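Novice: This is the structure I have questions about; it appears just below.
The values are calculated or read from the model by the stated rules, or taken from the named source; none is laboratory data. Computed from a predicted structure; not experimentally measured. We place every Cβ from the backbone using ideal geometry, glycine too, and count neighbours over all the protein chains shown. Only protein heavy atoms, including side chains, enter the accessible area calculation; ligands, DNA and RNA are left aside. Shrake-Rupley method; radii C 1.70, N 1.55, O 1.52, S 1.80 Å.
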Amino acid sequence: MTIIGLISDTHGRLSAEALAALADADHIIHAGDIGGPDVLHALEALAPVTAVLGNNDFDEYGSRVGRFAHPVIDGVRFLVAHYPRDVQIGFNGCAGLAAGDPIPQVCVHGHTHVPELLLGKDARPADYVVCPGAAFRPRGGFPRCTGRMLVSEGRVLGVHIASLEGDVLLSAGEGL
C-alpha cells in the first residue's frame, strides 16, 4: 500500500502543519502554484514529489515540473494539472491528455483553493477528480487543507481531504 499526499496552492508558504499532514506520505503530488523551489525542496525531504506549474509559477523548477504530469503510483494512473478544466475529460479528451493516452483513474487539480472530491458518474471517465484545496489562502469558507490517498496494486482504496488541524472535510473509501 502507498500513501499519497496531495497539496496545492502553497504560494511559497509551507507551514509546519502542512508538512506534518504529509509527513508519512510515500509520494506527494503538488497541483501547482508552488511559489518557489524551497517548497519543493521541503516536500522532497519527506517523499518523492510530482508537481505541476500553476498560474503563479514560472520556469524556475527546470524541466521536471511542467504544465501536466502523468505519474503511475503503485499501479494507479494519475493526471495532474493546475486548472480544473485541464483534467475535465470529454469526448474530445482534455488538455492534459494526448491522443492515445490511457484514461487516468485519478485526476488531481488545484487553482480553485476549494477542496473537491468527485467520484462515480461525476468523475467519469476517471474514477476520481480531486482538488486538495489550498495549503495557503483558502477560499469558499474552507480552512487550509491537504489530501491523502491510499492506493494499492492499481486500485484506490480511499481518499480524504482534511484541514491542517486534522478535521476531515471530504472522504471516500476506507483505509485512511
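Novice: Is there a residue being aliphatic (A, V, I, L, M) and either assigned to a helix (DSSP H, G or I) or modelled with pLDDT of 95 or more (or both) anywhere in the stretch 93-104?
Specialist: Checked against the condition, which is being aliphatic (A, V, I, L, M) and either assigned to a helix (DSSP H, G or I) or modelled with pLDDT of 95 or more (or both), the stretch 93-104 yields no hits at all.
Novice: Across the stretch 1-17, which residue is nearest to Ala135 (Cα to Cα) among those that are hydroxyl-bearing (Ser, Thr, Tyr) and surrounded by fewer than 18 Cβ atoms within 10 Å (Cβ to Cβ)?
Specialist: Ser15
Novice: What residue, of Ala123, Ala99, is among the aliphatic types (A, V, I, L, M) and either open to solvent by 50 Å² or more (accessible area, probe 1.4 Å) or in contact with a helix residue (DSSP H, G or I) (Cβ under 9 Å, 6 or more places away or on another chain) (or both)?
Specialist: The conditions single out Ala99.
Novice: While we're here: Would you be able to say whether some residue in the stretch 132-148 is at pLDDT below 95, over 21 Å from Asp33 (Cα atoms) and more than 14 Å from the chain's Cα centre (by Cα)?
Specialist: no
Novice: Looking at (1) open to solvent by 40 Å² or more (accessible area, probe 1.4 Å); (2) under 19 Å from His30 (Cβ atoms), which is the only condition Leu150 fails?
Specialist: Leu150 satisfies all of (1) open to solvent by 40 Å² or more (accessible area, probe 1.4 Å); (2) under 19 Å from His30 (Cβ atoms) except (1).
Novice: Would you check if Ala45 is in contact (Cβ under 8 Å) with a residue 24 or more places away in the chain and either open to solvent by 10 Å² or more (accessible area, probe 1.4 Å) or farther than 14 Å from Phe136 by Cα (or both)?
Specialist: Considered against the rule, which asks whether it is in contact (Cβ under 8 Å) with a residue 24 or more places away in the chain and either open to solvent by 10 Å² or more (accessible area, probe 1.4 Å) or farther than 14 Å from Phe136 by Cα (or both), Ala45 comes out as no.
Novice: For the stretch 69-83, which positions are in contact with a His (Cβ under 9 Å, 6 or more places away or on another chain) and either at positive phi or surrounded by fewer than 17 Cβ atoms within 10 Å (Cβ to Cβ) (or both)?
Specialist: Asp74, the sole residue that qualifies.
Novice: Hey, among Gly66, Gly90, Gly62, which residue is closer than 25 Å to Arg124 by Cα and either over 17 Å from the mean Cα position of the chain (by Cα) or among the polar types (S, T, N, Q) (or both)?
Specialist: Gly90
Novice: For the stretch 1-20, give me each residue that is within 14 Å of the chain's Cα centre (by Cα) and over 15 Å from Thr112 (Cβ atoms).
Specialist: Ile3, Ile4, Gly5, Ala18
Novice: Within the set of pairs 6+ apart or on separate chains, which have a first residue in the stretch 18-40 that is within 13 Å of Phe58 (Cβ to Cβ) and open to solvent by 40 Å² or more (accessible area, probe 1.4 Å), a second that is small (Gly, Ala, Ser) and at pLDDT 95 or above, and C-beta atoms under 9 Å apart?
Specialist: Listed by first residue and then by second, the contacts come to Gly35/Gly12; Gly35/Gly54.
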